[in-house]
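The structure under discussion appears below in the form of structure tokens.
The values are calculated or read from the model by the stated rules, or taken from the named source; none is laboratory data. This one's a predicted model, so the numbers in the text were calculated from it and none came from an experiment. Positions of Cβ are generated from backbone atoms using ideal geometry, with glycine treated the same way; all protein chains shown enter the neighbour counts.
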Amino acid sequence: MTHTPQFTRRAAIAAGASLPLAAGLTPTLAKAGGHSEAPQNAIQNTFTLGDFQVSTLLAGTRVVEGPQNIFGMNVSAEEFAEASEMNFIPADKTRFYFTPTVVDTGSETVLFDTGLSAAGTLPALAAAGYAPEDIDVVVITHMHGDHIGGLMNDGAPTYPNARYVTGETEFDAWASRGNDGFEMNMRPLAEQTSFIGDGGSVAGGITGMAAFGHTPGHMVYMLESGGRQVLLTADMTNHYVWSLAYPDWEVKFDMDKDAAAATRREVLGMLASDRVPMIGYHMPFPGIGYVETAGDGFRYVPVSYQLSI
């Protein structure tokens, strides 16, 4: 069944919005608000967004062979190879990134997604200056294993003081179908979880938006503080060329491929029009960039120094 994309611009500001300031784009070991000291071998990137402090966390990365088994499944090998060559990337392998995000709003500390496991996410979280006990809210954008795998650690909640927020449509879809990852990680936390829909609020300045297709209830989240915005896009688009530049290319892990493509076009079009930066869970680390239109598709412009001046 094809779902109609329900992404709305409730949190969007007019075209030409100011870009967020940042504290730097090289991995930092900032200590925030008296949180724990960071280990020296973990990677994170911290910037400011109005009164928010936002940190992207590199919770894992790996090389994968045969990327056309995942991306561009509905185009020829020749077209896939040509697009790859044009963008200076190999067509026979790719690198995956897994990037949760933590946001200190000044009143609450909010973690978006938990990685494949607690073992992968916690060192990066510590590098940003946070202990598991510091997390007040855990937001799950959708319930694929690389987003919920770190919810539990040795059978206990990884973030013992947190409340949990996720999309109601997403939770209901996975609860009805069931799988081992959901049963082990998400269902035990159901009583501590609140459920939102399109336009629902997580905390002050954090708004959920329906962006269905990748999963039945996939959500993206607008962060807004001091008149500045960043859209946390999760898995709305999963590769900066083979998914973002070519939004109609089919992606193996999109559960409703037609809805996912339509959602990509709508969300990416908004980002390009309004010049709002994005944080993408699988974009090359630090996972932050801009989108512009390019022909019938889009172009990803990764951050450089512009957020640090």
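Pairing residues of region 56-69 that are among the basic types (Lys, Arg) with residues that are part of a strand (DSSP E or B) and at pLDDT 95 or above, at Cβ distances under 6 Å and at least 6 apart in sequence or on separate chains, gives Arg62/Phe96. Residue by residue through region 261-291, note down the ones that are aliphatic (A, V, I, L, M), outside any strand (DSSP E or B) and free of Cβ contacts under 8 Å to residues at least 60 places away in the same chain. Passing the criteria: Ala261, Leu268, Leu271, Ala272.
Report the residue count in region 223-255 for those that are modelled with pLDDT of 95 or more, over 26 Å from Asn74 (Cβ atoms) and surrounded by fewer than 22 Cβ atoms within 10 Å (Cβ to Cβ). Qualifying residue count for the region: 1.
Just one of the numbered conditions (1) over 16 Å from the mean Cα position of the chain (by Cα); (2) surrounded by 15 or more Cβ atoms within 10 Å (Cβ to Cβ); (3) of a type outside the set (A, V, I, L, M); (4) farther than 21 Å from Gly197 by Cα is not true of Thr169: (4). Put simply, of Asp258, Asp248 the only residue that is part of a loop (DSSP other than H, G, I, E, B), more than 18 Å from the chain's Cα centre (by Cα) and farther than 16 Å from Thr169 by Cβ is Asp248. When region 177-204 is filtered for residues that are among the charged types (D, E, K, R) and assigned to a loop (DSSP other than H, G, I, E, B), only Asp198 remains.
Determine whether Ala294 is of a type outside the set (Val, Ile, Thr), surrounded by 18 or more Cβ atoms within 10 Å (Cβ to Cβ) and in contact (Cβ under 8 Å) with a residue 24 or more places away in the chain. Answer is no for this residue. When residues in region 177-207 are screened for being under 18 Å from Gly145 (Cα atoms) and loosely packed, with under 14 Cβ neighbours inside 10 Å, 6 of them pass. The single condition among (1) out of contact with any strand residue (DSSP E or B) (no Cβ under 8 Å at 6 or more places or on another chain); (2) in contact (Cβ under 8 Å) with a residue 40 or more places away in the chain; (3) among the aliphatic types (A, V, I, L, M) that Leu49 does not satisfy is (1).
Being under 14 Å from Ile140 (Cβ atoms), more than 19 Å from the chain's Cα centre (by Cα) and not charged (D, E, K, R) is the requirement here; does Ser194 meet it? Taking the combined requirement at face value, the residue satisfies it.
Residues satisfying the criterion are absent from region 170-188 (criterion: under 27 Å from Asp51 (Cβ atoms) and in contact (Cβ under 8 Å) with a residue 24 or more places away in the chain). For region 145-165, a residue qualifies if it is in contact with a helix residue (DSSP H, G or I) (Cβ under 8 Å, 6 or more places away or on another chain) and not hydrophobic (A, V, I, L, M, F, W, C), and the qualifying residues are Gly145, Gly149, Gly150, Asn153, Pro157, Thr158, Tyr159, Pro160, Asn161, Arg163, Tyr164. Contact map, region 75-90: residues that are within 16 Å of Asp248 (Cα to Cα) paired with residues that are surrounded by 14 or more Cβ atoms within 10 Å (Cβ to Cβ) and at pLDDT below 95, Cβ distance under 6 Å, separation 6+ or inter-chain. No pairs are found.
Within region 189-210, the set of residues being in contact (Cβ under 8 Å) with a residue 40 or more places away in the chain and either in contact with a Pro (Cβ under 7 Å, 6 or more places away or on another chain) or of a type in the set (Val, Ile, Thr) (or both) comprises Val202, Ile206, Thr207. Annotation note: of Ala38, Ala22, the sole residue that is at pLDDT below 95 and either under 19 Å from the mean Cα position of the chain (by Cα) or in a helix (DSSP H, G or I) (or both) is Ala22.
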